[in-house]
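First up is the structure itself, then whatever we jot down about it.
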C-alpha cells in the first residue's frame, strides 16, 4: 500500500510517500518558509536529491508544487495518481470530536473547519491539504491523524481550567494538547533506546511551534499547549504564556480589537516579536554578531523551557530523561546548551562535545555520570501517521 503523508505546519509542509507495511520511504521532502520569496523545496528519492528555491505564497501553492514533483515524467515516483492508495493528513485540532485516527468524510471536514478558530495557524492549512488531495488523488482514502489524540490521557486535574464548570461540561473548554504525533513517536523511541520498563520522560518539541510534554509510562500526563496551540513555550511567532489581563488592557486602554490582538499573539509575537526574525537560524546568527535583542530572546526561550522541566519533574515525582526533537530541538546545539545549563540540581548535565555532534540518528548527549539522560531523537511524524493510516485501513 502506497501512503502519501502530508504534514502541514504553520510555515512548512513535510511530505513522504511510504510503502506500507514495509515502512519503505519512496520519496520525502519539505517546503520551508512558506510565504517567503525564497521558500526552499527539498525533494529526495533513491536516485534524486534536489533543493530549489521558489516563491511559494501559501500552503495551497506548496501542495501543488509537491504534486508536480511526484508526477514529474523524469524524477517523479508515480505515473498516475491512482497509484496512491491513501493520503494521511496531520490535523492539529480535533477538539472533543476526535480521540483517534479517522477516515475523512464531509462531517469530519466540517469539524476540522469548525476548530479552525482554535488552531488558526494550522487547521485551515490542514483542511486545505485535504481538499487539494481529494482533487489530485480522487481514488485514495483520505485519513486524518489528530495531534490532540495522544493527550487524551491527561488527567482532569491537569486538563481542566479553574473557570466556572459549565465551560468545561457544556462548551468543552479544556487542555487538548498538540504535537501529539511527534511526542508519541519520540517518547516510544526514547523508552526503547533506554530500555525502560517504568519511565518518566519529558519530551521537548521545538520548531516554529513548540511544546513540552510530561510522559509517564508512555502516557501523556501534562502538556504546555492547551485549548489552542498558542500558550506555553515561546514560539516562532506565537507568544506562549502571557498574563491574560494584558489582553483586556490592550482592548480597554490601548484600543485594539480582538481580531487584531489575536493576530498579534499568533503571528507577530514570540521570537519574531522579540527580534524581528522568526527563523531560529537567523536569530542565532544575529546573536553571534552581538545583536542584544536576539541574545535576550534565546535566553528567554531557554528560561521558559527550564521552568516547565522543573514543573513536570515535580508532577511526575522524578525524571529519567529529557528528549529534544523537531527542527530546532534536533539541530540547535546552542539552545540545547542554554536549556541544560545550570540544571545539575535535577541531575541534568550536558556533555558539550556530544551536544555538538550532528547526525540523523537517536543519540545521547548527557555526561556519562549524569542520572538524567538527555537524548536527541529525530521525530518522524510522517512514519507515525503512515502507521496509523495503515492500521485504520486494514
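The values are calculated or read from the model by the stated rules, or taken from the named source; none is laboratory data. Note that the coordinates shown come from a computational prediction; the quantities given were computed from them, not determined experimentally. We place every Cβ from the backbone using ideal geometry, glycine too, and count neighbours over all the protein chains shown.
Any idea which of 112, 130, 75 is farther than 17 Å from residue 392 by Cα and in a loop (DSSP other than H, G, I, E, B)? Unique residue meeting the criteria: 75. Filter segment 340-364 down to the residues that are farther than 16 Å from residue 319 by Cα and touching a strand residue (DSSP E or B) at 6+ places or on another chain (Cβ under 8 Å) and list them by number. Listed by number, the residues that qualify are 341, 351, 354, 357, 362, 363.
Go through 392, 374 for me and flag whichever is surrounded by 13 or more Cβ atoms within 10 Å (Cβ to Cβ) and out of contact with any helix residue (DSSP H, G or I) (no Cβ under 8 Å at 6 or more places or on another chain). Talk me through it step by step, then tell me what you get.
On the way: 374 fails: out of contact with any helix residue (DSSP H, G or I) (no Cβ under 8 Å at 6 or more places or on another chain).
Among 392, 374, only 392 is surrounded by 13 or more Cβ atoms within 10 Å (Cβ to Cβ) and out of contact with any helix residue (DSSP H, G or I) (no Cβ under 8 Å at 6 or more places or on another chain).
Taking segment 85-108 only, how many residues are assigned to a helix (DSSP H, G or I) and buried (at least 17 other Cβ atoms within 10 Å of the Cβ)? Total meeting the criteria: 1. Checked against the criterion of being surrounded by 14 or more Cβ atoms within 10 Å (Cβ to Cβ), touching a residue at least 12 places away in the same chain (Cβ under 8 Å) and assigned to a helix (DSSP H, G or I), the candidates 14, 65 yield just one match: 65. Report, by residue number, each residue of segment 17-37 that is modelled with pLDDT of 90 or more, out of contact with any strand residue (DSSP E or B) (no Cβ under 6 Å at 6 or more places or on another chain) and part of a loop (DSSP other than H, G, I, E, B). 21, 22, 23 - these are the residues of segment 17-37 that are modelled with pLDDT of 90 or more, out of contact with any strand residue (DSSP E or B) (no Cβ under 6 Å at 6 or more places or on another chain) and part of a loop (DSSP other than H, G, I, E, B). Scanning segment 215-250 for residues that are without any contact (Cβ under 8 Å) to a residue 40 or more places away in the chain and surrounded by 19 or more Cβ atoms within 10 Å (Cβ to Cβ) yields 215, 230, 231, 235, 239.
Conditions tested, residue by residue: (1) closer than 29 Å to residue 296 by Cβ; (2) crowded, with 17+ Cβ neighbours inside 10 Å; (3) assigned by TED's automatic domain parsing to the domain that holds residue 299.
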site: 333; (1), (2), (3): yes, yes, yes
site: 353; (1), (2), (3): yes, no, yes
site: 358; (1), (2), (3): yes, no, yes
site: 386; (1), (2), (3): no, yes, no
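Which of the following residues is under 30 Å from residue 256 (Cβ atoms) and within 20 Å of the chain's Cα centre (by Cα): 182, 230?
Values: 182 fails: under 30 Å from residue 256 (Cβ atoms).
Going through 182, 230 in turn, just one is under 30 Å from residue 256 (Cβ atoms) and within 20 Å of the chain's Cα centre (by Cα): 230.
Screening residue 121 against (1) closer than 23 Å to residue 393 by Cβ; (2) out of contact with any strand residue (DSSP E or B) (no Cβ under 7 Å at 6 or more places or on another chain) leaves a single unmet condition, (1).
Take residue 262 and decide whether it is at pLDDT below 95, within 19 Å of residue 206 (Cα to Cα) and assigned to a helix (DSSP H, G or I). Taking the combined requirement at face value, the residue does not satisfy it.
In segment 38-62, how many residues are under 19 Å from residue 125 (Cβ atoms), assigned to a loop (DSSP other than H, G, I, E, B) and touching a strand residue (DSSP E or B) at 6+ places or on another chain (Cβ under 8 Å)?
At the first step, the residues of segment 38-62 found to be under 19 Å from residue 125 (Cβ atoms) are 39-42, 54-62.
The next check asks that each one be assigned to a loop (DSSP other than H, G, I, E, B); those that pass are 55-58.
Then keep just the ones that are touching a strand residue (DSSP E or B) at 6+ places or on another chain (Cβ under 8 Å); that gives 55-56.
The number of residues fulfilling the criteria is 2.
Going through (1) more than 22 Å from residue 119 (Cα to Cα); (2) part of a helix (DSSP H, G or I); (3) more than 23 Å from the chain's Cα centre (by Cα) one by one, residue 307 falls short only on (3). Candidates in segment 312-326 are the residues that are in contact (Cβ under 8 Å) with a residue 12 or more places away in the chain and part of a helix (DSSP H, G or I); of these, the one that is nearest to residue 377 (Cα to Cα) is 326. Examine segment 268-288 for a residue that is surrounded by 15 or more Cβ atoms within 10 Å (Cβ to Cβ), touching a residue at least 60 places away in the same chain (Cβ under 8 Å), part of a helix (DSSP H, G or I) and touching a helix residue (DSSP H, G or I) at 6+ places or on another chain (Cβ under 9 Å), and state whether such a residue exists. Checked segment 268-288: no residue is surrounded by 15 or more Cβ atoms within 10 Å (Cβ to Cβ), touching a residue at least 60 places away in the same chain (Cβ under 8 Å), part of a helix (DSSP H, G or I) and touching a helix residue (DSSP H, G or I) at 6+ places or on another chain (Cβ under 9 Å).
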